[in-house]
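For reference, the structure discussed in these notes is given below.
The values are calculated or read from the model by the stated rules, or taken from the named source; none is laboratory data. Here the structure is a predicted model, which is why all the values come from computation and not from measurement. When we count neighbours, we look across all protein chains shown, and the Cβ atoms used for this are built from the backbone with ideal geometry, even at glycine. Note: accessible area is taken over every heavy atom of the protein model, side chains too, but ligands, DNA and RNA are not part of it. Shrake-Rupley method; radii C 1.70, N 1.55, O 1.52, S 1.80 Å.
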Amino acid sequence: MTDQPTPDLQSRLQGLWLPLVTPFRNGELDEPSLRRLVRHYAHGPIDGLILAATSGEGMSLGALELERLVAVTHEEISGSGRSLPICLGLSGASTAKMLDTLDETAVWPIDGYLIASPYYTRPSQRGIVQHFEALADHASWPIVLYNIPYRTAVNLTNETLLELADHRNIVGIKDCSSDRAQSIDFLRRRPAGFRVLTGEDAQYHEALGDGADGGILLSAHLETEAFASVHTLMKQGDRDGALACWEDISELTRLLFAEPSPAPAKYWLAHHGLIDSAEVRLPMVEVSEQLAARLDADIVRRRPPLLRRA
């Protein structure tokens, strides 16, 4: 896989990005469903794709599956006629192992990496800086930081973020700090051109109002046009229109996280035939009967179907 990616990730890291779910069937990567997914969203109002991150169950994928996921996605995007950037989600607690992964993926047809802070080990901020600087010095493609302390057990402070933002190969951040004061402070102090996309679906409208450049949103698998419109209207200065659009979809961002993600979204996508199975991999499990009933009710309420088989 040596096709050239789209240029200048930093300039394109804005708007609505989709952290694509990874479809499975009978324990295997479901390539027909994956192709259907990518074709569908490539013709919609998204600005980029994230593969194999939290929503894509990346930590459950083997090395060959990960490579195949990227290859199939790239093939379908190329066939769509769009130049849609792809970022590959990576995570790990060992800097040395992460450097090996960067080598293994260096010639893959991607445009960048979304890399979470080291989990479980709880390094100091000084250790985090050295970790990401080592990765950024080594990576063939630009890096987008992923700050999600409620999963990694360590927060990237704004002083750490500002230090890392000066690195030429670190171009933005997916902000899941869940601390609005911290996010606003960083938005105020960030270097020119450094991109901030919220990863907190329920805070999307709020984050855009605070100055974020966009969002990386699992919920945008559904009502994609509405999520894109919120950003477009905010950018145009139509705050009333953006709020009205947001109020129509905001409950969806809570419903899809009522149980561990991405199971609820997969249930919805399977119901509409966009993927063939709602299967997830352990330790994730499919949605409970109670949540399935709530999802069914919302599906009925939102008819006609939002998604069509491509």
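So what is the relative contact order for segment 142-232, in percent, with contacts set as C-alpha pairs under 8 Å and at least six apart?
After rounding, I find 23 percent.
Which whole-number percent is the relative contact order of the chain (Cα, under 8 Å, 6+ apart)? Could the numbers behind the result be given before it?
On the way: 563 pairs, mean separation 59.5, N = 310.
Relative CO of the chain lands at 19 percent.
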**Message:** Quick check: at a probe of 1.4 Å, how many percent of the accessible area of segment 1-79 sits on carbon and sulfur atoms?
**Reply:** 49
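Restricting everything to alpha-carbon atoms, can you work out Rg to Rh for segment 144-193 with a Kirkwood hydrodynamic radius? Please report the intermediate quantities before stating the final value.
Values: Rg = 10.3 Å, Rh = 11.1 Å.
Result: Rg/Rh = 0.93.
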**Request:** Sum -39500 (n - 2.57) across every DSSP H segment of at least 4 residues in the chain, then divide by the residue count to get the 222 nm mean residue ellipticity, nearest 500.
**Result:** -13500 deg cm²/dmol
**Prompt:** Any idea of the accessible area per residue across segment 211-310, 1.4 Å probe, to the nearest Å²?
**Reply:** 47
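Using alpha carbons only, what's the Rg to Rh ratio of segment 92-185 with Rh from Kirkwood?
Details: Rg = 12.7 Å, Rh = 13.4 Å.
On the Cα set of segment 92-185, Rg over Rh gives 0.95.
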**Difference of contour (0.36 nm per residue) and Cα-Cα distance, Asp240 to Asp210** = 9.3 nm
**Asked** Using the Cα atoms as the points, what is the convex hull volume per residue of the chain in Å³?
**Response** 125
**Prompt:** Hey, can you rank 61-67, 47-53 by average C-beta count inside 10 Å, highest first?
**Reply:** 47-53, 61-67
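Rounded to the nearest 0.05, what FRET efficiency do Ala293 and Ala93 have when you use their Cβ-Cβ distance and R0 = 35 Å? All intermediate terms of the calculation are to be shown ahead of the outcome.
Working: r = 39 Å, r/R0 = 1.11.
My answer for the efficiency is 0.35.
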**Request:** Report the one residue of Ile50, Gln10, Gly27 whose Cα lies farthest in the direction of the positive end of the charge dipole of segment 9-56 (charges on C-beta: Lys and Arg +1, Asp and Glu -1; origin at the Cα centre).
**Result:** Gln10
**Request:** Let me know the charge dipole size of the chain about its Cα centre in debye, to the nearest 20, where only the beta-carbon of Lys, Arg (+1) and Asp, Glu (-1) is charged.
**Result:** 220
**Request:** Select from His221, His131, His167 the residue whose mean-square fluctuation is largest in a Gaussian network model of the chain (Cα-Cα springs shorter than 10 Å).
**Result:** His167
